[in-house]
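Encoded as structure tokens, the structure appears first; notes follow it.
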Amino acid sequence: LPGVDNMAINLKKPPLDDVRVRKALMYAINREELAATLKGTALPWYSWLAPTNFCYNESLEKYAEQLYAYNPEKAKSLLKEAGWTDTDGDGIVDKDGKPLELELLVPVDVPRLKRIAPVIQQQLAKVGIKLNLREFKIEYIWEKMYEWDFELVLTLFWWAEPSGVLPYLFHSELGNLTYSNPELDRLFEEDMSTHKS
């Protein structure tokens, strides 16, 4: 199927508003291990378009893989740079006396995502992040996303065309990200109007 399972990050909530913390999450997650957990039913992925999507670009996927290859030491370094260190020796990094503890919403009705959630929890623990898992039905999780009432979410999209997912991710008015680029918004709107005609 043409799609990508992913972990959505709420860029509006501290400490996830710090790009170094978000990058640390990227480096701390071992996608190969997640694919192995799913016993060959999924591929480790780094970019937003799968080979089954129109406009898939293999060179972009390779670039993203090189950029965010599994590197727990780099994750620890970024956390330290952002001020998160394990001052009390409990294995969890902290800052100003507060441990780095995050909540991951997991769709109980999407078995593959439910299966990898504890693996992600273990991977983040290795770099000093405590991850609490909370299971809900996917519809409820999507509601929480639209309300910006979450920290981390395991979710999915299954659109054949990039125009189905990219505006949702990057359009400043349609999407769920804080990213804003008027020129990109204009291009998305031009593309959507072309599809309608």
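The values are calculated or read from the model by the stated rules, or taken from the named source; none is laboratory data. It should be emphasised that the depicted structure is a prediction, and the values quoted were computed from it without experimental measurement. All Cβ positions, glycine included, derive from the backbone under ideal geometry; neighbour counts span all protein chains shown. We work out accessible area using only protein heavy atoms, side chains counted, and drop any ligands, DNA or RNA first. Shrake-Rupley method; radii C 1.70, N 1.55, O 1.52, S 1.80 Å.
Which residue pairs have Cβ atoms closer than 9 Å, lie 6 or more positions apart in sequence or on different chains, and pair a first residue in the stretch 77-90 that is closer than 14 Å to Ala125 by Cα and β-branched (Val, Ile, Thr) with a second residue that is part of a loop (DSSP other than H, G, I, E, B) and open to solvent by less than 90 Å² (accessible area, probe 1.4 Å)?
Between residues of the stretch 77-90 that are closer than 14 Å to Ala125 by Cα and β-branched (Val, Ile, Thr) and residues that are part of a loop (DSSP other than H, G, I, E, B) and open to solvent by less than 90 Å² (accessible area, probe 1.4 Å), the close pairs are Thr85/Val93; Thr85/Gly128.
Mind listing whichever residues of the stretch 118-133 are surrounded by 13 or more Cβ atoms within 10 Å (Cβ to Cβ) and either over 16 Å from the mean Cα position of the chain (by Cα) or farther than 16 Å from Leu16 by Cα (or both)?
Answer for the stretch 118-133, where residues must be surrounded by 13 or more Cβ atoms within 10 Å (Cβ to Cβ) and either over 16 Å from the mean Cα position of the chain (by Cα) or farther than 16 Å from Leu16 by Cα (or both): Pro118, Val119, Ile120, Gln121, Gln123, Ala125, Lys126, Val127, Gly128, Lys130, Leu133.
Looking at the stretch 16-34, is at least one residue touching a helix residue (DSSP H, G or I) at 6+ places or on another chain (Cβ under 8 Å), under 13 Å from Arg112 (Cβ atoms) and surrounded by 16 or more Cβ atoms within 10 Å (Cβ to Cβ)?
yes
Restrict the check to the stretch 51-67 and report whether at least one residue is free of Cβ contacts under 8 Å to residues at least 60 places away in the same chain, under 17 Å from the mean Cα position of the chain (by Cα), in a loop (DSSP other than H, G, I, E, B) and surrounded by 15 or more Cβ atoms within 10 Å (Cβ to Cβ).
Taking every residue of the stretch 51-67 in turn, none turns out to be free of Cβ contacts under 8 Å to residues at least 60 places away in the same chain, under 17 Å from the mean Cα position of the chain (by Cα), in a loop (DSSP other than H, G, I, E, B) and surrounded by 15 or more Cβ atoms within 10 Å (Cβ to Cβ).
Let's see how each residue does on (1) at pLDDT below 90; (2) farther than 29 Å from Asp149 by Cα:
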position: Lys23; (1), (2): no, no
position: Ile29; (1), (2): no, no
position: Leu34; (1), (2): no, no
position: Pro51; (1), (2): yes, yes
position: Glu73; (1), (2): no, yes
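Tell me, yes or no, whether the stretch 56-65 has at least one residue that is hydrophobic (A, V, I, L, M, F, W, C) and over 30 Å from Asp149 (Cα atoms).
For the stretch 56-65, residues hydrophobic (A, V, I, L, M, F, W, C) and over 30 Å from Asp149 (Cα atoms): present.
All but one of (1) among the hydrophobic types (A, V, I, L, M, F, W, C); (2) at pLDDT 90 or above; (3) part of a strand (DSSP E or B) hold for Ala117; which doesn't?
(3)
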